[in-house]
Amino acid sequence: MNPTEQKKTTVSEAVKKHKEFLFPAVAMYYQEPIALVKGEGEYVWDDAGNRYLDCFGGVLTVSVGHANPRINTAIIEQTKTLQHTSALYANKPQSDLAEKLAEITPGDLKKSFFTSSGTEADDTAIMAAKLATGRGEIVVLRHSYSGRSATALSSVGHSTWRPLPSQVAGIVHARAPYCYRCPFGMTPDNCGAACAEDVRDVIETTTTGEIAAFMAEPIMGVGGFIVPPAGYFERVEEITRKHGGLFIADEVQTGWGRTGDKWFGIEHWDVKPDIITSAKGMGNGVPIGWTIATAAVADKFPGLTFATFGGNPVSMTAGLAVIKLIEEEDLRTNCKTVGDYFREKLEELKEKHQIIGDVRGMGLMQGIELVKNRETKEPAPEAVLKVFEETKRQGVLIGKGGLYGKVIRTGMMLNSTKANVDELIKALDAGFTLC
Ligand SMILES: Cc1ncc(COP(=O)(O)O)c(C=O)c1O
């Protein structure tokens, strides 16, 4: 949209109260934070009447458009019929969704456990892996993100997201497969996947040698869309199994076609996860968390376990409706097509603007790492903030990530068009021009 069409910003009552009555840790984007009041398709509106193209979807969570009429109708009908049951009774949306998930997940994944968030999904996966193997140690990656429970927080690989030290023993961090900033100073053509070998080294030197699981995001989301090189997960799976561990893929950000062509990000590598977790885009904004395991793993979960809102019929209906829509509108293909177009345009911006150090991602999960100098790769988080302010002025919302916020993250809707991409590119171009 033309920036001159933007209305004058008024001081938002909602923002004022947010600052006064919420924990300060609930930080908002922008020098003058905005309060959103309405969403429709790819667009949202703030309480001053300004419209924005939403290219972050509340952190890759609004996946098929704000207030999508198909999803909303399904949710409203279910809400009118039956809102809550608890897991003490079966409900058809939960049973149907579990059956569908067993069908679309790779390998032998079969049995689901539903919760309300990605944190709980990862906690469930770690618990299930420990119970199934009888072992207690988990290998995760530096730069990873798992959430904010005691277990998830102990897994997080960012000091900025760790307000407390590790609360759970036995979680160890291998080096990230971060090719742009290779922790071993190598390049993908000469490294022999040294980062995968680091998983072996970490197991052999910092654990008992026998682990419960390796857990990773196929593309590291909060880490700044770090894409592991070809062959990485295959080698890590081999090492993990040799040391008795299960393979857990955290698809909280990478699931549901986001990476293009496939339902799940891990399907771009030739591995067979024992457990997959997800949340976010699965419900298009409805709280949902999900852990699926092979029967061999799930059946070893002894005794009772319970999540009050797990399998809630309204969330389950939303999940089913999202999957149906992705299938019927062929959005996995759309993610690949529009994502490739977006990537091409981003590479053009990289040619034009020295501030761009790296462009990376898959499908409609594309990130841009900014640097002060392409030789030294000195991070440029201040430039990220500049681009944020300008894109907002241009009527476009984006996200950020990477340690200290040095990477611009975009997570456009899975049903975005090339015209939406053009609008985003124009705003980014204006932002980079100021850097
Ligand atoms: C990869 C990944 N796992 C887990 C989580 C935690 O999800 P939630 O915030 O829903 O608890 C997140 C959240 O951003 C995530 O990106």
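The values are calculated or read from the model by the stated rules, or taken from the named source; none is laboratory data. Worth saying up front: this structure is predicted, and the values here are computed from it rather than measured. Note: ideal-geometry Cβ built from the backbone for every residue, glycine included; neighbour counts use all protein chains shown. The protein model used for the area step is the full one, side chains on, heavy atoms only, and it has no ligands, DNA or RNA in it. Shrake-Rupley method; radii C 1.70, N 1.55, O 1.52, S 1.80 Å.
Assess whether S63 counts as being part of a helix (DSSP H, G or I) and under 26 Å from the mean Cα position of the chain (by Cα).
no
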Being among the aliphatic types (A, V, I, L, M) and either open to solvent by 30 Å² or more (accessible area, probe 1.4 Å) or at pLDDT below 95 (or both): is that true of V37 here? yes
Is it the case that some residue within region 69-84 is under 24 Å from L424 (Cβ atoms) and either modelled with pLDDT under 95 or assigned to a loop (DSSP other than H, G, I, E, B) (or both)? no
Do the conditions hold for D96, that is, is it in a helix (DSSP H, G or I), under 30 Å from G209 (Cα atoms) and open to solvent by 30 Å² or more (accessible area, probe 1.4 Å)? no
Tell me yes or no: at least one residue of region 402-419 is in a helix (DSSP H, G or I) and buried (at least 23 other Cβ atoms within 10 Å of the Cβ). no
Return the residue satisfying two criteria in turn: it lies in region 245-288 and is open to solvent by 10 Å² or more (accessible area, probe 1.4 Å) and of a type in the set (A, V, I, L, M, F, W, C), and of such residues it is nearest to the ligand (Cβ to nearest atom). V252
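Mind listing whichever residues of region 368-384 are of a type outside the set (V, I, T) and without any contact (Cβ under 8 Å) to a residue 40 or more places away in the chain?
Within region 368-384, K372, N373, R374, E375, E378, P379, P381, E382 meet the criteria.
Quick check on G363: is it under 23 Å from H158 (Cα atoms) and touching a residue at least 60 places away in the same chain (Cβ under 8 Å)?
No: the conditions fail for G363.
Inside region 298-320, can you point out the residues that are touching a residue at least 24 places away in the same chain (Cβ under 8 Å) and over 18 Å from E99 (Cβ atoms)?
First, pick out the residues of region 298-320 that are touching a residue at least 24 places away in the same chain (Cβ under 8 Å): 298-302, 305-320.
Selection gives K300, F301, P302, T305, F306, A307, T308, F309, V314.
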For region 124-138, enumerate the residues that are within 16 Å of the ligand (Cβ to nearest atom) and either β-branched (V, I, T) or surrounded by fewer than 24 Cβ atoms within 10 Å (Cβ to Cβ) (or both). T124, I126, M127, I138
Within the bounds of region 321-339, is there any residue that is touching a residue at least 24 places away in the same chain (Cβ under 8 Å), among the acidic types (D, E) and either touching a helix residue (DSSP H, G or I) at 6+ places or on another chain (Cβ under 8 Å) or over 24 Å from A419 (Cα atoms) (or both)? no
Top-ranked residue of region 199-214 - restricted to ones that are over 19 Å from S159 (Cβ atoms) and open to solvent by 10 Å² or more (accessible area, probe 1.4 Å), ranked as nearest to the chain's Cα centre (by Cα): R200
Under the condition of being touching a residue at least 12 places away in the same chain (Cβ under 8 Å) and over 13 Å from V222 (Cβ atoms), which residue from region 154-168 is nearest to the ligand (Cβ to nearest atom)? S154
Given E375, E369, E382, which one is assigned to a helix (DSSP H, G or I) and either over 21 Å from the mean Cα position of the chain (by Cα) or buried (at least 23 other Cβ atoms within 10 Å of the Cβ) (or both)? E382
Exactly one condition in (1) surrounded by fewer than 18 Cβ atoms within 10 Å (Cβ to Cβ); (2) closer than 24 Å to C179 by Cα; (3) not polar (S, T, N, Q) is false for I355; which is it? (1)
Could you list, in sequence order, the residues of region 289-313 that are more than 15 Å from the ligand (Cβ to nearest atom), surrounded by fewer than 24 Cβ atoms within 10 Å (Cβ to Cβ) and of a type outside the set (S, T, Y)? A295, A296, A298, D299, K300, F301, P302, G303, L304, F306, P313
